[in-house]
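Chemist: Dropping the structure in here first, questions after.
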Amino acid sequence: KLDLPQQDIERDLPEDVDVFKIDDETTMLYKIVSLSNVSGFDGIPKGKYSEAVAAAVAGVQRNIAIIPGQDHLSIVIVPDFMETIESMFQRVQFLFVRFPNLRVLMIQFPGQPGTRYRRSDTLNNKFLAECTLKFFQFLRSKRLWHWKPRTGIGMSEKEVMEDAVRRPLILLCNGLGANVMAYYTVFHMRQDSGIPLATTLRASMMINPYV
């Protein structure tokens with residue numbers, strides 16, 4: 001029998017990444033970023049992936065009335081199975097130059113680096129999409145990311161929901177993340193009327209999904 005050293009997952013996590021506990025044995029990682037949290041880049045897309053993201057966002061914006069300085073957007077970034085939050089964010093941080101009010105949410109599913117899961121759980125699209133649904137419900141209850149009201153808007157359920165509906169949403173997903181979010185979009189995004197993501201989704205960019 002081979003005895004492997006026990007990894008201290010919590011100790012090894014980056015300081016600026018948060019943990020969402022689905023249950024006592026299952027966790028996801030997430031990071032919410034706004035302009036005040038980033039620096040040290042010139043706003044120029046790096047590589048074909050970043051250029052494609054820039055083109056997708058520009059296409060979405062052509063169909064949305066944007067007031068200068070008030071271009072509020074929410075973006076979800078979902079990495080492939082062995083990617084990390086940091087590696088994905090490096091490809092999109094230039095967007096803050098054009099959209100200073102951008103809200104970026106990055107997530108990692110159970111089974112990805114730094115997370116926990118039961119070995120008896122099957123990490124398929126269905127299971128991970130259900131985890132994602134619970135995670136979005138958590139964000140809404142805590143008034144985080146897409147559900148954080150803009151300045152001057154109250155915190156009542158009605159005010160929060162009305163503000164969230166007015167903020168366009170873009171999904172950027174890679175590999176496994178693309179598969180899971182496609183499943184979530186089809187089976188959960190519209191069925192849960194309490195989450196307005198279905199009414200604000202403007203574009204989904206799926207990169208290298210498994211087919």
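Chemist: Would you mind working out the magnitude of the charge dipole of the stretch 103-211 relative to its Cα centre, with +1 at each Lys and Arg C-beta and -1 at each Asp and Glu C-beta, to the nearest 20 Debye?
Modeler: Charge dipole, the stretch 103-211, about its Cα centre: 220 debye, nearest 20.
Chemist: Moving on. Net charge near Lys148, counting Lys/Arg +1 and Asp/Glu -1 over other residues with Cβ under 15 Å of its Cβ? Please report the intermediate quantities before stating the final value.
Modeler: Values: positive: Lys31, Arg103, Arg140, Lys142, Arg143, Arg150, Arg166, Arg167; negative: Asp18, Glu157, Glu159, Glu162, Asp163.
Taking every Cβ under 15 Å from that of Lys148, the sum is +3.
Chemist: Additional query: Relative to the compact-globule scaling 2.2 N^0.38 Å, provide the ratio for the alpha-carbon radius of gyration of the stretch 65-211.
Modeler: Cα-based Rg divided by the globular estimate yields 1.05.
Chemist: Please report the equivalent ellipsoid semi-axes of the stretch 118-170, computed as sqrt(5 x eigenvalue) of the Cα gyration tensor, largest first, in whole Å.
Modeler: 30, 11, 7
Read-outs: derived from the displayed coordinates by stated rules, not from any lab. As the structure is a prediction and not an experimental result, all values here were calculated from the model. Cβ atoms come from the backbone with ideal geometry, glycine included; neighbour counts cover every protein chain shown.
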